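All remarks here apply to the structure that follows.
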Amino acid sequence: MSINITFPDGAVKQFDAVITGLEIADGISSGLRRNAVAIEVNGEQWDLTREITTDASVAIITRDTEEGLEVLRHDAAHVMAEAVKELYPETQVTIGPSIENGFYYDFAREEAFTPEDLGIIEARMKEIVKRNEAIEREVWDRTEAIDYFKGIGEAYKAEIIADLPDSETITVYRQGDFLDLCRGPHLPSTGILRDGFKLTKLAGSYWRGDSNNAQLQRIYGTAWSDKKQLKAYLKRMEEAEKRDHRKLGKALDLFHIQDEAPGSVFWHPKGWSIYQTVQNYMAEKQYQRGYQEIKTPQLVDISLWEKSGHADKFGDDMFTLSSDERKFAVKPMNCPCHVQVFNQGLKSYRDLPLRLAEFGSCHRNELSGSLHGIMRVRSFVQDDAHIFCTEEQIQSEVKEFIDFLHEVYADFGFDEVIYKLSTRPEQRVGSDEDWDRSELALEQALNENGLDWELQPGEGAFYGPKIEFSLKDCIGRVWQCGTVQVDFSMPGRLGAEYIAEDGSKQVPVMVHRAILGSIERFLGILIEQHAGAMPAWLAPQQVMVATIVSDANDYAQEVANALRNAGMRAEVDLRNEKIGYKVREHSLQKTPAILCIGKREAEEGTVAVRRFGSKAQTVMTLEDFIEQFSEEVSEKRMFEAEQAS
């Protein structure tokens, strides 16, 4: 018996007998064997120890790849579950997947885990790694597996098995005395996990994510290919903690959230100043790009959402109420209402493209456990717009939008954008022909802009494909913000028509687009990107005029008035405090410029300028400062990342 193995480079090697991925890796190099964690066989991930019995195309998965990290993180979850069972035998294990940057496992246990328990569990995990227990895949009979897990008190595992499709092969992985239901793949032994993991936090969860089910306890962890990567990640997380928008929002007096209005933001004067600056900036940019701003109602009869398809798709996430024996929904998105504006009055092909924009206030019934500061809320505003156009205009409109988006992101200090094209999901509206055309239009727009992009099959909206635009911040985190979606379906469902050049009635294409997405969320990202030290054009308090002696009070007021007349947001600090105290206080508030005014400055008509992040002080005329600072604001210059931290 011989087996032909085809490698990714097209090379073929013949083996005289069945062979495993581990043996293939070992035959290539000892280094590859040390770093191998799994193998891909004909596109499917397998354990390295699983025998290959027929001709196959294979690729070795190493620990330094995304696929390899996912295997390591999944194994870390299993090792954590084994540690928990050894330490707390009465605990039931439920579900434990790998996630971005780490893993978690949900446990059913009457006694609550404590932060101190994490250290104990992590220490036991290291013992299990040191034991280097073999991890073995076993195929079980379904009934046998259900009976086994019921017999050892693992009711959740038994339920999972019972709910699996009849066609599903039941595989159980054994490591030491611990057995867990899993599809795999897994490492050959626990020792290969090494020491690049750490448990990070506790959280609550519900069985299968349903709040009607039993409450569980979730333990999160992170895992990396080695300790060096782990340390780098923990350092990034430490920096992220310093930049947490919730802490900075309180320290800088920007906003607050309270239980009486869950998922809604109370904006304070300084925070609202940033909000208005961002919204006014977007309004001006949109006007320059040919958008017309509109405003649509908050309460709309449920029948409109039924016609658009949103009631069926997102009904559970909508807030509803009844009045006059009618049912209304609080607007969860803006698109159906924009079609209603389009439908008023007869439209011609000459009116297209018609670009309608709205800072639309939306409400969605997000789960309370998913709310997070101002980044995940129930009440938010989108910089939403919809472009009604012909099919021939799609490419130019999407291309123009991408140019617009790049300009905006650069002004806010983001120069790295990630592009993903999401195509048709299983549950969708519209014909395959419409989806073919809209997907092709977006793909061509990306290619014509010379952009590198990633395909996300099946991740499109239910009414059309989309491009997602994600930002990478200064500490390497990725935030999905902008989107553009081509919709051949909704305009027709809601009766939108225009008169074509040949006199016929045609349905316009609807391009959904947003750059910031939720303004609340984008502001949270901005606060963390700049560590609260907003660039001068965004800062709520751009200049603070602080007196050194009371004799300079009148001149300080004159300076502040001159700054305000020049369009700056300036305040005056006339308190009877030492100038060092004032400077420290306003520096903690991350004010971009502090003008120190003493007797000499008052006599000479100058200002002593202290810039945020610098210990240097520069004396200049008031006119020179106004000219230089105004130029900085108009050019929307950024602080250096290290200066803002």
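Among the residues that make up region 267-274, is at least one of them aromatic (Phe, Trp, Tyr), without any contact (Cβ under 8 Å) to a residue 40 or more places away in the chain and either buried (at least 19 other Cβ atoms within 10 Å of the Cβ) or part of a strand (DSSP E or B) (or both)? For region 267-274, residues aromatic (Phe, Trp, Tyr), without any contact (Cβ under 8 Å) to a residue 40 or more places away in the chain and either buried (at least 19 other Cβ atoms within 10 Å of the Cβ) or part of a strand (DSSP E or B) (or both): present.
Region 472-568 holds strands (runs of 3 or more DSSP E) entirely within its bounds, and those carrying 1 or more residues that are closer than 30 Å to Gln444 by Cα and either in the same structural domain as His586 (by TED's automatic domain parsing) or aromatic (Phe, Trp, Tyr) (or both) map to 478-487. When Phe314 is tested against (1) part of a helix (DSSP H, G or I); (2) at pLDDT 95 or above, just one condition goes unmet, and that condition is (2).
Residues being in a loop (DSSP other than H, G, I, E, B) and within 36 Å of the chain's Cα centre (by Cα) are entirely absent from region 17-36.
Against the condition more than 36 Å from the chain's Cα centre (by Cα), outside the structural domain of Asp177 (by TED's automatic domain parsing) and in contact (Cβ under 8 Å) with a residue 40 or more places away in the chain, how does Thr49 come out, does it pass? When the stated conditions are applied, Thr49 passes them. Residues satisfying the criterion are absent from region 60-77 (criterion: at pLDDT 95 or above, surrounded by fewer than 14 Cβ atoms within 10 Å (Cβ to Cβ), outside the structural domain of Gly476 (by TED's automatic domain parsing) and of a type outside the set (Val, Ile, Thr)). Within region 420-429, at least one residue is surrounded by fewer than 18 Cβ atoms within 10 Å (Cβ to Cβ) and assigned to a strand (DSSP E or B).
Restricting attention to region 371-410, the residues that are of a type in the set (A, V, I, L, M, F, W, C) and closer than 30 Å to Glu260 by Cβ add up to 6.
With respect to the stated conditions, Glu407 is within 19 Å of Ala514 (Cβ to Cβ), surrounded by fewer than 16 Cβ atoms within 10 Å (Cβ to Cβ), in contact with a helix residue (DSSP H, G or I) (Cβ under 9 Å, 6 or more places away or on another chain) and among the charged types (D, E, K, R).
If only residues of region 275-295 that are within 30 Å of Leu352 (Cβ to Cβ) and β-branched (Val, Ile, Thr) are counted, the one that is surrounded by the fewest Cβ atoms within 10 Å (Cβ to Cβ) is Ile294. Kindly indicate whether Ser303 is in a helix (DSSP H, G or I), in the same structural domain as Ala500 (by TED's automatic domain parsing) and among the hydroxyl-bearing types (Ser, Thr, Tyr). Answer is yes for this residue.
The values are calculated or read from the model by the stated rules, or taken from the named source; none is laboratory data. Keep in mind that what you see is a predicted model, and the values were worked out from it rather than measured. Glycine gets a Cβ as well: all are built from the backbone with ideal geometry, and neighbour counts include every protein chain shown.
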